[in-house]
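Everything on this sheet refers to the single structure shown next.
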Amino acid sequence: MVNFIEAQKPLLSRLMKMAGLRPIEVELEPGTTMHVWAPKHHVGKKGTTISPLDPTAAGTGKKPGGGSKKRRSPESRPNVVLIHGFAAEGNVTWQFNFGVLVSRYNLYIPDLMFFGKSSTSSADRSPDFQAACVAGALARLGVARCDVVGFSYGGMVAFKLAEARPELVRSLCVSGSVVAMTDVVNRETMERLGAGSSAELLMPETLKGLKALLSISMHKKMWFPDRFYKDYLKVMFTNRKEKMELLQGLLISTMDAKIPVFQQKIMLLWGEEDKIFDIELAKKMKEQLGDNCFLYGIRKAGHLLHVERPCAYNRQLQRWLAYVNSTAAGEDQASS
């Protein structure tokens with residue numbers, strides 16, 4: 001019998017290819033490979049290999065050995081990285097969002113380790129390791145500077161990436177996430193949601209558990225046939241052991257938690273009805289992150305705001321990216 005969730009993926013891949021993106025397998029080290037949807041100018045004729053990076057051409061808007069182009073080349077567009085959450089890999093997570101960005105930005109959509117086609121033999125399950133893998137893949141693709149968008153688990157990875165690589169990450173846009181998952185935040189969240197643990201909530205094994213997760217994640221009550229839930233369970237919750245370890249790797253002691261001083265501008269783009277990480281938590285986080293942090297709430301949207309209200313989410317994300325690009329352009333003119 002056809003799995004409807006699995007059957008959707010070839011169509012989604014086709015749409016992404018039509019938009020100018022290509023799937024690339026980036027071997028970071030023996031045993032560690034990250035799958036990334038990236039602009040097609042990185043890909044050779046066979047469509048699976050990374051083209052040799054020419055230091056005179058990558059990201060400069062110049063032809064090798066030539067002068068500046070009058071029109072901006074695809075390679076010289078601003079780079080935007082979309083990092084997915086815990087429920088699905090990159091192309092599934094961002095299926096309602098990538099289309100509005102591809103004409104203006106070079107999009108990079110990685111699958112984090114143990115999601116999609118990314119895998120590692122490393123025993124490290126920390127978000128720091130995930131961030132290092134994203135940074136390594138971007139380096140292999142010649143990305144020296146980028147704006148990063150992170151959702152939920154991907155937001156935690158994005159914060160780690162910005163902290164560790166300020167020269168790489170120019171700005172952050174984060175939704176439904178925290179800088180660090182402390183034991184206090186985790187305990188309070190699970191108690192409020194009536195869940196025994198994050199693994200019980202985020203890695204359901206039954207239809208009842210998956211329905212509960214979807215109900216918590218969305219503001220609007222949506223009905224799907226049981227067949228949809230069964231198909232989703234079969235496809236989206238693979239690598240269960242490793243993903244359980246990823247959840248455990250998120251937790252840190254509240255005593256050890258410190259809010260980093262980020263150099264980047266940060267947008268917290270939030271669903272006002274988020275039940276997992278509520279808007280009050282976002283307001284508190286904004287205060288902790290300081291003057292370079294902004295908060296925008298989207299009405300009638302829950303944790304899955306980019307899926308539930310994609311038009312509103314896309315509109316605000318586009319405004320944010322336009323703002324950080326105009327600000328960067330002004331700073332470049334002032335320094336020249």
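The values are calculated or read from the model by the stated rules, or taken from the named source; none is laboratory data. What you see is a predicted model; the values in this text were computed from it and never measured. We place every Cβ from the backbone using ideal geometry, glycine too, and count neighbours over all the protein chains shown. These area figures cover heavy atoms from the full protein model, side chains too; ligands, DNA and RNA do not enter into them. Shrake-Rupley method; radii C 1.70, N 1.55, O 1.52, S 1.80 Å.
Table for the structure above
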{"quantity": "Condition met for residue 53 (surrounded by 11 or more Cβ atoms within 10 Å (Cβ to Cβ), of a type in the set (A, V, I, L, M, F, W, C) and modelled with pLDDT of 95 or more)", "calculated": "no"}
{"quantity": "The listed residue being within 18 Å of the chain's Cα centre (by Cα), surrounded by 15 or more Cβ atoms within 10 Å (Cβ to Cβ) and not aromatic (Phe, Trp, Tyr), out of 275, 286, 243", "calculated": "243"}
{"quantity": "Criterion (in contact with an Asp or Glu (Cβ under 6 Å, 6 or more places away or on another chain), of a type outside the set (A, V, I, L, M, F, W, C) and assigned to a helix (DSSP H, G or I)) met by exactly one of 230, 160", "calculated": "160"}
{"quantity": "Count - residues of segment 173-188 that are open to solvent by 20 Å² or more (accessible area, probe 1.4 Å) and over 14 Å from residue 86 (Cβ atoms)", "calculated": "6"}
{"quantity": "Candidates 44, 31, filtered to the one that is loosely packed, with under 13 Cβ neighbours inside 10 Å, modelled with pLDDT of 95 or more and of a type in the set (Gly, Ala, Ser)", "calculated": "31"}
{"quantity": "Pairs, first free of Cβ contacts under 8 Å to residues at least 12 places away in the same chain and closer than 24 Å to residue 241 by Cβ in segment 125-151, second among the hydrophobic types (A, V, I, L, M, F, W, C) and outside any loop (DSSP other than H, G, I, E, B), C-beta under 6 Å, six or more apart", "calculated": "none"}
{"quantity": "Unique match (being of a type outside the set (Phe, Trp, Tyr) and in a strand (DSSP E or B)) among 295, 317", "calculated": "295"}
{"quantity": "Some residue of segment 130-147 being acidic (Asp, Glu), in contact with a Pro (Cβ under 8 Å, 6 or more places away or on another chain) and at pLDDT 95 or above", "calculated": "yes"}
{"quantity": "Where residue 211 falls short, out of the listed (1) open to solvent by 70 Å² or more (accessible area, probe 1.4 Å); (2) within 20 Å of residue 88 (Cα to Cα); (3) in contact with a helix residue (DSSP H, G or I) (Cβ under 6 Å, 6 or more places away or on another chain)", "calculated": "(3)"}
{"quantity": "Residue identified as part of a loop (DSSP other than H, G, I, E, B) and modelled with pLDDT of 95 or more among 85, 59", "calculated": "85"}
{"quantity": "Contacts under 6 angstrom Cβ, first residue in segment 279-290 being part of a helix (DSSP H, G or I), partner open to solvent by 30 Å² or more (accessible area, probe 1.4 Å), 6 or more apart", "calculated": "279/272; 282/295; 286/295; 288/259"}
{"quantity": "Check on residue 168, open to solvent by less than 50 Å² (accessible area, probe 1.4 Å) and either at positive phi or in contact with a strand residue (DSSP E or B) (Cβ under 6 Å, 6 or more places away or on another chain) (or both)", "calculated": "no"}
{"quantity": "Scan of segment 219-240 for residues that are loosely packed, with under 12 Cβ neighbours inside 10 Å and acidic (Asp, Glu), ordered by number", "calculated": "226"}
{"quantity": "Test: residue in segment 155-167 that is under 19 Å from residue 38 (Cα atoms), in contact (Cβ under 8 Å) with a residue 60 or more places away in the chain, of a type outside the set (A, V, I, L, M) and out of contact with any Phe, Trp or Tyr (no Cβ under 7 Å at 6 or more places or on another chain)", "calculated": "no"}
{"quantity": "Selection from segment 189-208 of residues that are over 20 Å from residue 157 (Cβ atoms), in a helix (DSSP H, G or I) and open to solvent by less than 50 Å² (accessible area, probe 1.4 Å)", "calculated": "190, 193, 207"}
